[in-house]
Amino acid sequence: MQVITVYENGTARQIEGTIGESLHRALLAEGGEVDSPCGGNQKCGKCVVKAEGALSEMNSEERRLLGSRADSFRLACFATVLGDCSVTILPKAALKVVTDYQPCDAGGETVYSEGFGAAIDIGTTTIAAYLFSPQTKEPLASAGEYNHQQKYGADVITRIAYSKEHGVGVLCDTILHQLSDMLKGLCREAGVSAQELRTLVITGNTTMLHFYAGLYAYPIAIAPYTPASLFGDWYPSLIPEFEHASIYLPPCISAYVGADITCGALASNLAERGGNWMLIDVGTNGEMMLKARDMLACCSTAAGPAFEGAGISCGSGAVPGAIDKVTLCEDKVLYSTIGGGAAKTLCGSGLIDAAAIYLNLEAINRNGKLKEGKSLNIGDSRVTLTQMDIRQLQLAKSAIRAGIDTLLHECGIEYEHLDGILLCGGFGSYLNPCSAGTIGLIPQEWVAKTSAIGNAAGQGAAMILQSKTALKKAHQIAEKAVTVELSTNRFFLDRFMERMAFGEEILSPGRRASKTAPDRNG
Ligand code: FES
């Protein structure tokens, strides 16, 4: 065994590694927090560490991915252990997590009468948690963090692949310990003991709930996409130091439309709105639900991690120093950063703004081709948008837009018949609808009808905690919603190709003859 000295958060420790093992693998086995959107598959170039000692030579691919940082850094999944070595894990910037909450009265009794309760939304990227008492409608404390499972991959498919190879236990343990720490923090802040926290409602997409429950998730990733459970029941707690609590996991709708969308629909009162409305959670998986006449149709489209900043050369999540807004003022490209400091990276909302601005300036054409050179600087910053970044954005926006078109098509709804679009989730809260319309992520005529509703999944989970009526409604939503499977849907596949171009072409959803609910299998 070789000795690897790990420097992390100002502390040093020693772990063991074997010859030929990647630093990434050795670190993960010992709880190291390395950013790894591609799950250690040598694709994303984000597992940057400082490393010295007996390690493999840098190859050309690692050098290409590191670019100008190749003189000082290594990528943990490329560098293999040849003997004793040391590695410094770079500090992770604090992520801006949406934990806003709108007090609401869902009616009826709370699902708990004793002690305190918590509502948690386990997102693929972030986790939001809120602590309540039966007497209060507002949270006593709230918290938001990165999902620590990110080190096993940025999206659900990469994490499922990791769990297939290494077992689901590692992902399960990661989330359970993170939830335990978050809950202890909430209790501390509110002056409540862990024993007094008795009831939890935990929502998330279907894969996140599988990892929470320790269920084998691989069948979700392969046709016919059959989850081990769709939840929708009470379960014993697995969370360390909170084993005494009762846990309710709201119902999922299908393999890729999870309890987060059920809760989002509940929080937005989607099913009971008059007219036709669409709820969209834009993330690595774009989950969406359309309420059309008396139908609820939903789908999920694999947008990939570009909106989370992964796979983008200067990309990052919503961290300090990330460009989050780009505007044009008298032909000058201006930008703002999270925290107001120097621009270091580009997060999803900034990426969409930048693409929209440079499209308007004709520096990028409708097909996504840069007019000159291989990259564009954002304003006067050193943050760039490369040709490859634009291609990643086209793939992501095309997946979302083709999903929107397909749901409308399946329900026989034209764009002008839609009364409004509700964007939920962290990314949806920061997205500029005008930029989204310019690049064609949403139809241009919807820009004025688009509103952000914050963390609707967390809000819905809190509503369930506070109301037996809301719990019942969540089940009604999940039972009524019909999933349109996109992977075999001809219309979706055609639209996906057509929507790769930027901007808006007059391509209506095309009315399907039927005015009844779409088939369960599309
Ligand atoms: S390149 Fe190492 S985790 Fe993606």
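Hey, how many Å between the Cα centroid of the range 307-326 and the Cα centroid of the range 338-412? Their Cα centres are 11 Å away from one another. Surface analysis of the chain yields an accessible area of 40 Å² per residue, using protein heavy atoms and a 1.4 Å probe.
Each Cα pair under 8 Å and six or more residues apart adds its separation to the average, and for the chain the resulting relative contact order is 14 percent. In this Cβ point-charge picture (+1 for Lys and Arg, -1 for Asp and Glu), the range 306-381 has a dipole of about 200 debye about its Cα centre.
When you filter the GluC sites (Glu not before Pro) in the range 1-93 for DSSP loop state and at most 11 other Cβ atoms inside 10 Å of their Cβ, you are left with Glu57.
Among the GluC sites (Glu not before Pro) within the range 216-306, those in coil by DSSP and having at most 12 neighbouring Cβ atoms inside 10 Å are Glu243. Calculate the tail of P(r) for the range 107-198: the fraction of all Cα-Cα distances greater than 23 Å, expressed in %. Here the long-distance tail beyond 23 Å is 34 percent of all Cα pairs in the range 107-198.
Note on Lys473: aspartates and glutamates with a C-alpha under 12 Å away, same-chain residues under 8 apart excluded, are Glu272. Given R0 = 60 Å, the distance between the Cβ atoms of Asp100 and Ala54 translates into a calculated FRET efficiency of 0.75.
Within the straight-line cut-off of under 20 Å between alpha carbons, the lysines reachable from Lys449 are Lys291, Lys397, sequence neighbours fewer than 8 places apart in one chain being disregarded. Only helical runs count toward this figure. For the chain, summing -39,500 (n - 2.57) over DSSP H runs of n ≥ 4 and dividing by all residues gives -9000 deg cm²/dmol at 222 nm. If the segment from Arg490 to Arg366 were pulled out straight at 0.36 nm per residue, it would be longer than the present Cα-Cα gap by 42.2 nm.
Hey, what's the per residue convex hull volume over the C-alpha atoms of the chain, in cubic angstrom? Don't skip to the end; give the middle numbers.
On the way: hull volume 76.1 nm³, N = 522.
Here the figure is 146 Å³ per residue.
Straight-line reach from Lys50: taking Cα to Cα under 18 Å and skipping same-chain neighbours fewer than 8 places apart, the aspartates and glutamates in range are Glu8, Glu16, Glu21, Glu30, Glu33, Asp35, Glu61, Glu62, Asp71, Asp84. Computed with a 1.4 Å probe on the full set of protein chains, the accessible area for Asp331 sits at about 130 Å². Set the Cα radius of gyration of the range 2-89 against 2.2 N^0.38 Å, with N its number of residues, and you get 0.96.
Work out the FRET efficiency for His244 and Glu272 from their Cβ-Cβ distance, taking R0 = 35 Å, and round it to the nearest 0.05. Write out the running numbers ahead of the final one.
Working: r = 36 Å, r/R0 = 1.03.
Once the sixth-power term is evaluated, E becomes 0.45.
List the relative contact order of the range 21-105 as a percent without decimals, with contacts defined as Cα pairs under 8 Å and 6+ residues apart.
Details: 117 pairs, mean separation 30.4, N = 85.
Once normalised by length, the contact order is 36 percent.
Restricting to bridges with both residues inside the chain, how much of the DSSP beta-bridge set is antiparallel, in percent to the nearest 5? Restricted to the chain, the bridges split so that about 65 percent are antiparallel. Less than 11 Å Cβ to Cβ from Thr88, Lys/Arg counted +1 and Asp/Glu -1: what total charge do the surrounding residues give? Charge balance in the 11 Å sphere: 0.
When Leu376, Leu408 are compared by accessible area of protein heavy atoms, the largest-first order is Leu376, Leu408, using a 1.4 Å probe. Counting every alpha-carbon pair across the range 116-256, the share separated by more than 25 Å comes to 24%.
Rolling a 1.4 Å probe over the protein heavy atoms leaves Arg198 with an accessible area of roughly 90 Å². Given a 1.4 Å probe and the protein chains as shown, Thr301 ends up with an accessible area of around 0 Å².
Would you mind checking Lys325/Lys374; Lys92/Lys151; Lys96/Lys137; Lys137/Lys468; Lys43/Lys151; Lys46/Lys164 for any pair whose Cα atoms are more than 20 angstrom apart?
The pairs that break the limit, which is 20 Å between Cα atoms, are Lys325/Lys374; Lys96/Lys137; Lys46/Lys164.
Split the accessible area of the range 2-89 by element, probe 1.4 Å, and carbon with sulfur accounts for 43%. Each Lys and Arg adds +1 at its Cβ and each Asp and Glu adds -1 at its Cβ; summed about the Cα centre, the chain shows a dipole of about 760 debye.
Within the range 116-222, antiparallel bridges make up roughly 65 percent of the DSSP beta bridges whose residues both belong there.
The values are calculated or read from the model by the stated rules, or taken from the named source; none is laboratory data. Nothing here was measured: the structure is a model prediction, and the numbers come from that model. When we count neighbours, we look across all protein chains shown, and the Cβ atoms used for this are built from the backbone with ideal geometry, even at glycine. Side chains included, ligands, DNA and RNA excluded: accessible areas come from the protein's heavy atoms. Shrake-Rupley method; radii C 1.70, N 1.55, O 1.52, S 1.80 Å.
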